[in-house]
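To start, the structure itself, in structure tokens.
The values are calculated or read from the model by the stated rules, or taken from the named source; none is laboratory data. None of these values were measured; they are calculated from a predicted model. Cβ placement follows ideal geometry from the backbone for every residue including glycine, while neighbour counts extend to all protein chains displayed. The area values use the complete protein model at the heavy-atom level, side chains included, leaving out ligands, DNA and RNA. Shrake-Rupley method; radii C 1.70, N 1.55, O 1.52, S 1.80 Å.
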Amino acid sequence: MKKIIVYLLILSIFSTVALSGCRKKTPAQKKGNYDGIELTYYKVFDDEEILDPIIKQYEADHPGLKIHYKKFSDFNEYQRVILNEMAEGEGPDIFSMQNTWFMSNYKKIASMPADKGTPDDFSGMFVDVAYKDLVRTDQDGLQKVYGLPMTVDTLALYYNKAHFEDRIPTRGRPSKTWEGIKEDVALLNKPNNSIESFEVSGIAMGRADNISRGVDILYLLFLQFGTKFYNENASEAIFAGQQGGISLYPGIEALKFFVSFADESQKHYSWNEFMVDDDSEGKEVEAFAKGKVSMIIGFSYLYDDIVDQINLFKNKSDTVIDEKDIGIALIPQIYDPDVSKDKRVTYANYFAETVSRNSQNPDIAWDFLIELTKKKNLESYFEKTHKPTSRRDMIDDQKKDPVYGVFATQIGYTESFPILDYYLYKDIFTEVVSGANLGGVGNSSLLDAQDKIDEMLPSEGLIVPKSEKVEPDVDVEEATADK
């Protein structure tokens, strides 16, 4: 009996070792699955060396797989190439797409497979605006994930610290409310008799022709004033102030407030067509770098743009501000966030990574994107690019950043809305603002814009009603932990 027990014990040990050996050989057996498989990845603005370590590591973990990365610097070219190639049944496997395009273009995308992650998993990992933008209801009434964001950028307020210490030393920084900003502007303005009318302007606002993010600022105010841009299923634009004969004023009030900063009759008048040339590449950023304007509004990358402008003009021996005087504050709100119960709002603009419906290997492509957006990789991405995080578990750390912490702080209350064509919408609203600059705010200019956008919307709308069906709950990271 003792010999039998010993024999069985030895047999058990050898069996365990044999099974362990098989498990260790699994990757080698999987190796052939990736031989000859190639993925193409198109992206704007990010240099190859930024993502190359992540791509190389993923290729090493999947022997035989090759990922070809292509960077585009010109957004118009990028958009044209992708649309043309996809129309021919080709194009990249993976590409970046603006957050506002997902609602109208999700049919061009292969959604994330349910076994790799569900909308609930996405909601727990990424911030709320990304969920609203990238999780869509398909034609079968099922909610699916259509993109993974590496970053979520927001509008914030850049200000000249030295100007505030000089003119508003009791606070030394911008007000938290728009009414307070109007008072700040009146104190910061330094009028003169030049064609610009200002030696120093308080803020670059009120126009869309010579302010690089003028239309985005108007979008921000639409959101803050409570403007409803579309009806329930986004088959009709309603931002102009009327729906079925019912007057809705927030859109008009938002426009009126925005252009008031370019109205000579206002106490807070601070911007006009002569402040900077509308053909200038730098526009208000150039004026800020030279100390000609105290506040401008922009996204996180604006910091580097300001530094570049400072260095550019410094090399030309022009007068510029000190880099240490660049301050960044939370975007102002209509109501004081310290005492008001109203929800704070800022505006989001970012790209998310997605998989083309033309891809022959969508599962592998999605698996790569899941790896790409893991915390360790996005931490490395932030160190190289300073683009704000999209992940909830990275917010607290990024809040501590002395320059970019503001963007992480306000990421929880950022919003957006669908835009069918960024540049077409921009042209439409630039015309609205320019008309208001010339002839005052009237309902007709907004109504014309509303009619133009209505013509672009599909009659069935952009939003498919949600279904009661629920997909299986699979954790996005755990689903790929063994890969």
Point to revise | Hull-based mean projected area of the chain, where the convex hull spans the alpha carbons, in square nanometres | key: 30.5
**Study point:** FRET efficiency, N231 to S280 (Cβ-Cβ, R0 41 Å, nearest 0.05)
**Key:** 0.60
Study note, to complete from the structure: Going residue by residue through the range 81-98, the Karplus relation 6.51 cos²θ - 1.76 cosθ + 1.60 with θ = phi - 60° gives ³J(HN,Hα) values, rounded to whole Hz and with x marking Gly or Pro, of 4, 5, 5, 5, 5, 5, 5, 8, x, 10, x, x, 6, 10, 7, 8, 9, 4
**Study point:** Between 0 and 90°, nearest 10: helix 2-24 axis offset from the chain longest Cα axis
**Key:** 40
**Study point:** Listed residue pairs exceeding 29 Å between alpha carbons, taken from K144/K256; K56/K387; K66/K108; K190/K343; K66/K116; K283/K314
**Key:** K144/K256; K190/K343
Point to revise | CD proxy at 222 nm, helix term only [per DSSP H run n ≥ 4: -39500 (n - 2.57); per residue of the chain; nearest 500] | key: -12000 deg cm²/dmol
Practice item. Compute the length gained on full extension between D421 and Y335: take 0.36 nm times their separation in residues and subtract their Cα-Cα distance, giving the result in nm to one decimal. Key: 27.8 nm
Exercise for review: Treating the angle as unsigned and between 0 and 90°, give the value, to the nearest 10°, between the Cα long axis of helix 375-385 and the longest Cα principal axis of the chain.
Suggested key: 40
Exercise for review: Note down the net charge around S416, summing +1 for each Lys or Arg and -1 for each Asp or Glu among other residues with Cβ under 12 Å from its Cβ.
Suggested key: -4
Review point. Given a 1.4 Å probe, how much area per residue of the chain is accessible, in Å²?
Key: 47
**Study point:** E455-L312 FRET efficiency (beta carbon distance; Förster radius 35 Å; 0.05 resolution)
**Key:** 0.25
**Study point:** Rounded to 10°, Cα long-axis angle of helix 422-439 versus longest principal axis of the chain
**Key:** 10
Check your understanding: Looking at Y78, H62, A114, which one has the Cα that reaches farthest to the positive end of the dipole of the range 44-127 (charges on Cβ: Lys, Arg +1; Asp, Glu -1)?
Key -> A114
Practice item. Pull up all non-local amide H partners of V464: gap of 5 or more, or a different chain, and H-to-H distance under 5 Å with H placed in the peptide plane. Key: T137
Review point. Over the range 373-438, what percent of the accessible surface lies on carbon and sulfur atoms, probe 1.4 Å?
Key: 50
Check your understanding: Once fully extended, how much extra length lies between D397 and Q57, figured as 0.36 nm per residue of separation less the alpha-carbon to alpha-carbon distance?
Key -> 119.9 nm
Revision key, fill the gap. Amide H proximity to Y347 below 5 Å, modelled H, separation 5+ or other chain, gives L155, E415
